[in-house]
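Step one of this worksheet: look at the structure below.
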């Protein structure tokens with residue numbers, strides 16, 4: 001699997017957070033996303049069929065057919081603009097087809113003519129077929145037709161179907177083929193929520209403040225809550241940090257509670273304190289961190 005990608009994204013409406021580009025998920029809603037590669041993932045089903053002429057240096061006139069149903073290993077990755085499908089053909093070496101739209105455009109249903117070997121940020125469509133360590137050493141031209149393509153959030157590819165033809169420069173033969181990829185419909189992105197209770201307790205003997213609240217989630221997940229406490233009076237301040245871990249399940253809000261002394265030389269006192277809480281969890285489906293936060297004025301009472 002390729003290097004993991006991490007995105008911070010708020011899924012509630014209180015304070016939006018979007019730390020990294022949304023990759024392919026934005027494209028699923030009709031807006032071209034920044035070309036950040038998605039992880040290479042094996043599709044639920046896939047097939048790649050290639051045939052060629054004798055003068056084609058990639059196929060050398062040999063036909064190849066791969067399917068996940070036959071146990072062939074597939075990897076799929078790309079961006080809204082470009083898609084890569086690779087098949088492992090051991091021990092000879094992998095076969096790979098890369099198809100791209102002109103720079104600034106998402107791959108879409110339709111026919112792309114005048115494709116070249118430049119498959120990244122080119123004003124022309126791109127095509128690149130290689131196999132068994134054979135490729136077009138002097139560049140190539142070609143065309144391809146996308147008959148179906150559907151993206152879910154964060155680079156989740158639901159469907160892709162295309163036919164293609166490539167001719168290596170200075171050769172009379174061509175390679176032709178078709179590629180199909182299918183996955184189940186994209187599952188929802190994990191969302192978490194956090195709330196801080198409006199009252200807390202203070203132990204005047206130990207100078208510990210105890211805060212309470214709830215977390216919610218749309219799927220089973222471990223939710224981590226971090227909250228800072230600040231209390232200011234007459235130009236002096238007390239500060240603390242509480243942390244909690246909740247095994248969250250969808251349904252009713254689940255409680256969290258945590259205690260902290262003051263980190264300063266000034267102790268906490270009874271009265272109002274400002275609390276800023278953040279809940280963080282990890283969406284294993286889309287390889288992202290999701291967060292939510294809540295700011296509250298908490299009334300500290302003697303515990």
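A short reminder: the numbers here are calculations on the coordinates, not readings from a lab. None of these values were measured; they are calculated from a predicted model. Neighbour counts are summed over all protein chains in view; Cβ atoms, including those assigned to glycine, are modelled from backbone coordinates with ideal geometry.
General observations
- FRET efficiency for the residue 132 to residue 40 pair, using the beta carbon distance and R₀ = 22 Å, is estimated at 0.65.
- For the range 119-177 versus the range 41-80, the gap between their alpha-carbon centres in whole angstrom: 11
- Per-pair calculated FRET efficiency, R0 = 51 Å: residue 96 and residue 236 via Cβ, rounded to 0.05: 0.20
- Spread over its residues, the convex hull of the C-alpha atoms of the range 192-302 is 90 Å³ per residue.
- The range 133-162 residues near the modelled residue 108 label - backbone nitrogen below 18 Å, point 7 Å along Cα→Cβ: 144-152, 159-162
- In a fully extended conformation the segment linking residue 295 and residue 274 would gain 6.8 nm over its present Cα-Cα distance, using 0.36 nm per residue.
- Counting 0.36 nm for each residue step from residue 203 to residue 257 and taking away their Cα separation leaves a gain of 18.0 nm.
- Here the average projected area of the convex hull drawn through the C-alpha atoms of the range 155-210 stands at 9.8 nm².
- Among 151, 233, 77, 95, sorting on how many other beta-carbon atoms sit within 10 Å of each Cβ, with the fewest leading, yields 233, 77, 95, 151.
- Once divided by 2.2 N^0.38 Å, the Cα radius of gyration of the chain becomes 1.40.
- The calculated FRET efficiency for residue 222 paired with residue 88, based on their beta-carbon distance and R0 = 35 Å, is about 0.55.
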